[in-house]
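Read through the structure below, which is laid out as structure tokens, and then see the notes.
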Amino acid sequence: MTGFNIKTTVAAALLAGTALAGGAQAQEVNFWYHFDNADNPMSALVEKFEAENPGITVNAENVPWNSYYDQLYTSIVAGTGPDAALVKLNAQPRLIEMEALEPLDAWLKDWDGTAEIQDNLLTLTASADGTHYYLPVQYVVLYLYYRTDMFAELGLTPPTTCDEFRDAAKALTRDTDGDGQPDVYGFGFRGGKGGHDHWASLTLSREGVGFGPGELTSEAGVAGTQFVVDLFQKDKVFPPSAPNDGFKEIIGAFQGGTTAMTIHHIGSSADMVAALGDKVSAVPVPECGGGRWTSFGDESTAVFSAAQDKDAAWKWISFLSSPGNNAEFNKATGQLPVTKTDSASWDGHEKRFVEATVNSLPFANFLPNTSETADFANTVWPVAMQRALIGEITAQEMNAEIEVLYND
């Protein structure tokens with residue numbers, strides 16, 4: 001009997017050791033994201049996830065936006081990339097080329113939350129061949145912000161066409177302090193990285209203008225870019241800093257009264273209202289040259305093919321796109337939730353900005369979902385736009401550079 005007990009004890013100890021060893025195989029998810037908001041909810045979401053998923057640890061790293069993709073691409077090549085990350089659609093083709101993404105279709109098929117995702121979002125964020133590499137987590141549509149107080153002062157109404165836009169911008173560009181120089185400008189143009197959406201709304205709206213062969217270098221395509229250049233060089237309705245202005249500059253100028261209009265999305269609306277109250281509103285971008293074009297702004301998550309534990313990474317990103325969690329995520333980011341449940345009860349934005357978003361959806365669009373778009377957004381467009389604005393190249397030459405990128 002004593003011998004049996006010893007053997008049993010040893011066996012139990014061995015089994016316990018095996019279980020311990022199995023438990024010691026930590027399920028870790030290294031997750032990259034980028035939040036500017038000081039009210040960052042990620043720690044609370046991680047804590048909730050880890051409580052619901054014992055044994056999985058999430059290491060969430062907030063990477064600065066200005067270097068986000070440079071760091072992401074470099075880390076993937078070096079083999080030190082995250083297991084999952086926040087990603088935009090224009091980065092998808094390059095990530096696919098790098099064989100960096102794990103398809104999500106098998107998980108989506110078995111996930112109860114798939115039916116909760118807004119009907120068109122999984123279609124919009126799918127790859128060119130229909131494979132799903134991205135799980136939507138938030139979205140926005142760009143529209144035109146305008147200062148209602150400045151418009152009322154001059155008896156102006158929000159512009160609906162490019163001609164009305166130019167007239168309003170010229171009227172709103174004024175010397176209000178009497179020093180002989182304008183101190184208020186009609187429009188805050190984002191000439192730095194990320195400003196391609198401003199240019200696109202005033203250029204890609206034109207009939208027959210896109211990124212296909214000969215479209216940007218056509219008469220209509222060049223006219224669109226020339227319209228932007230003329231607003232700066234001839235009409236002088238952009239601040240002098242416009243060629244280098246980024247997000248912080250255009251928003252700061254608008255809130256501070258240096259500009260009367262700018263283009264962004266509902267993610268800025270809470271700060272706008274906090275700074276300006278009812279002195280700010282929004283409408284869809286103007287019709288230019290026969291049509292309208294505005295950017296559908298996506299933000300999704302992805303699991304990377306080199307992830308140490310892909311199932312754990314999927315559990316984490318699907319958690320972020322589930323009802324309740326997705327609402328908390330978007331309360332901090334200021335964008336719109338992707339789940340039907342959270343959307344139905346959404347009160348995170350003022351009604352006028354939600355309406356401007358919804359009214360812009362019929363003509364919301366994407367840049368081409370190709371590998372060239374990452375280069376366009378990160379380098380080709382900002383460099384060419386800055387050079388065109390300061391007169392180093394013509395509108396024709398700028399569009400020709402983009403044409404070569406997409407069609408050479």
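Where a number appears in this text, it was derived from the coordinates with a stated rule and is not lab data. Computed from a predicted structure; not experimentally measured. Note: ideal-geometry Cβ built from the backbone for every residue, glycine included; neighbour counts use all protein chains shown.
By its C-alpha gyration tensor, with a ≥ b ≥ c as the square roots of the eigenvalues, how is the chain shaped: rounded for a/c under 1.5, else prolate for a/b larger than b/c, else oblate? Present the calculation step by step, with values, prior to reporting the outcome.
Details: a/c = 2.58, a/b = 1.99, b/c = 1.29.
In terms of gyration-tensor shape, prolate.
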Task: Those aspartates and glutamates that a straight Cα-Cα span of less than 16 Å connects to residue 234, excepting residues fewer than 8 apart in one chain - done: 163, 167, 392
TODO: Go ahead and run the numbers for FRET between residue 170 and residue 369, Cβ-Cβ distance against an R0 of 35 Å, rounding to 0.05.
DONE: 0.40
Task: Inter-label distance for residue 220 and residue 77, nm, one decimal - labels placed 7 Å from Cα along Cα-to-Cβ - done: 3.9 nm
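If you take every DSSP beta bridge whose two residues both sit in the chain, what share of them, in percent to the nearest 5, is antiparallel? Kindly include the intermediate steps, with their values, before the conclusion.
Details: 23 of 37 bridges.
Percentage antiparallel, nearest 5: 60.
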- [ ] Would you kindly derive the ³J(HN,Hα) couplings of the stretch 386-400 from the backbone phi angles with the Karplus curve 6.51 cos²θ - 1.76 cosθ + 1.60 (θ = phi - 60°), listing them in order in whole Hz, with x for Gly and Pro?
- [x] 4, 5, 5, 5, 8, x, 6, 9, 8, 4, 4, 5, 4, 5, 5
- [ ] Compute the label zone of residue 36 within the stretch 44-88: residues whose backbone N is under 14 Å from the point 7 Å along Cα-to-Cβ.
- [x] 64-68
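Take peptides 380-386, 48-54 and line them up by average Cβ neighbours within 10 Å, highest first, as a rough protection proxy.
Details: 380-386: 21.3, 48-54: 13.1.
Highest to lowest by the protection proxy: 380-386, 48-54.
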Open item on the list: Under the rule a/c < 1.5 gives rounded, and otherwise a/b versus b/c splits prolate from oblate, where does the stretch 206-353 land using the Cα gyration tensor?
Closed with: oblate
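Once you have a ≥ b ≥ c as the square roots of the Cα gyration tensor eigenvalues for the stretch 291-378, tell me rounded if a/c is under 1.5, and otherwise prolate or oblate according to whether a/b is larger than b/c.
Numbers: a/c = 2.84, a/b = 1.13, b/c = 2.50.
Oblate is the answer for the stretch 291-378, as a/c is 1.5 or above yet b/c matches or exceeds a/b.
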- [ ] List the residues of the stretch 353-396 whose backbone N lies under 14 Å from a point placed 7 Å from the Cα of residue 234 along the Cα-to-Cβ direction.
- [x] 395-396
Open item on the list: Roughly how far apart, in whole Å, are the Cα centres of the stretch 174-190 and the stretch 284-350?
Closed with: 37 Å
- [ ] For residue 289, list long-range residues whose amide hydrogen, built 1.01 Å from N in the peptide plane, is under 5 Å from its own amide hydrogen.
- [x] 162
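Beyond a 19 Å Cα-Cα separation, which of these cross-linked pairs lie in this structure: 170/351; 279/351; 88/109; 193/279; 193/236; 109/315?
Values: 170/351 29 Å; 279/351 15 Å; 88/109 22 Å; 193/279 28 Å; 193/236 21 Å; 109/315 14 Å.
Exceeds cut-off: 170/351; 88/109; 193/279; 193/236.
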- [ ] For helix 247-256, report the angle its Cα long axis makes with the longest principal axis of the Cα atoms of the chain; keep it between 0 and 90° and round to the nearest 10°.
- [x] 60 degrees
TODO: Mind checking which of 284, 357, 238 is farthest towards the positive end of the chain's charge dipole, using Cβ charges of +1 (Lys, Arg) and -1 (Asp, Glu) about the Cα centre?
DONE: 357
